[in-house]
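First comes the structure, then the notes that go with it.
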Amino acid sequence: MNWDVPQPNWSCPAGHVLDAFFAGLHTELPDFSEPLTLFGSVPIQLCLDDAFTSADADIMVSGDPTRLRAVARKLEMTAGGTVRPVFGLQFCPRYFFRTTAHYLQRAHVEMRHGIKVIVPHVRDVLIGKLHRSRTSEQEGLAPKDLRAFHRVRQLCGGHPKEEDLIEDLLDCAPYFRLPEHGEMNYFRLNVENLWPSLFGHALDVEEYILQPLRAMETEARNSDSKPIAQMLDDLQPTRD
């Protein structure tokens, strides 16, 4: 299930800062070719509500972010820079943005000043927010994350609906597994806390998420499809 979201508005507050950075990055590092993925609250501001501001713009970098941080410092876009009071840039490694496995299929991709920029669909951005860690005494989601869910629903005709979220959560099987060393599963706890705040009732995670996931895994194991190794052998590759 999908819903339409406008393309990014680069004239909003976050857009101005990001566009200036992309232009500066291309000037300082003309050979830079790695994609930059925007996540956190930035896609909501860019695509839906230019007043939905945050202190930082989260940028996922596929490689080493050291060079980008150096460029941001030179452009005075870091903590001590002139742009920081308006908006700061936060460069993050790939594992910081965890969401549905297929988010790239519905993400918006464009070139900005020679830089490939990926703006995930807001539904994938919201799923990413469910990974936020919590303190032991915390009750419920972080207020800013819950605010993001409510604002997106206001601006997207009630989406994400329950069936939207369940569809996306079924694509997040690894995140429901118990963490090592008996640690708390923040993702599952955030999911369980989200439902009453968003839909007015609890979600039976066992019935709607875990049981379907087990059924899908069982079906995959019992399917009649050939193992990958056998399919490769059937191709009869040669060394020529």
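Considering only residues that are under 16 Å from Gln45 (Cβ atoms) and either in contact with a strand residue (DSSP E or B) (Cβ under 8 Å, 6 or more places away or on another chain) or not aliphatic (A, V, I, L, M) (or both), which ones fall in the stretch 124-136?
Within the stretch 124-136, Asp124, Val125, Gly128, Lys129 qualify.
Quick one: Leu178 ticks every box in (1) of a type in the set (A, V, I, L, M); (2) modelled with pLDDT of 85 or more; (3) assigned to a loop (DSSP other than H, G, I, E, B) bar one, so which box is it?
(2)
Mind checking whether some residue in the stretch 116-123 is under 19 Å from Tyr103 (Cα atoms) and assigned to a loop (DSSP other than H, G, I, E, B)?
Yes, the conditions are met somewhere in the stretch 116-123.
For the stretch 126-149, what are the residues that are closer than 22 Å to Asp168 by Cα, not in a helix (DSSP H, G or I) and not charged (D, E, K, R)?
Leu130, His131, Ser133, Gly140, Leu141, Ala142
Determine whether Lys161 is within 21 Å of Ile59 (Cα to Cα) and of a type in the set (D, E, K, R).
Here the answer is no, as Lys161 does not meet what is asked.
So, in the stretch 74-99, of the ones that are in contact with a Pro (Cβ under 8 Å, 6 or more places away or on another chain) and modelled with pLDDT under 85, which residue ends up surrounded by the most Cβ atoms within 10 Å (Cβ to Cβ)?
It comes out as Phe87.
Out of Leu126, Leu104, Leu130, which single residue is surrounded by 16 or more Cβ atoms within 10 Å (Cβ to Cβ), free of Cβ contacts under 8 Å to residues at least 60 places away in the same chain and of a type outside the set (Phe, Trp, Tyr)?
Leu126
The values are calculated or read from the model by the stated rules, or taken from the named source; none is laboratory data. All figures in this text were calculated on a predicted structure; none of them were measured in a lab. Ideal geometry is used to build each Cβ from the backbone, glycine not excepted, and the neighbour counts take in all protein chains shown.
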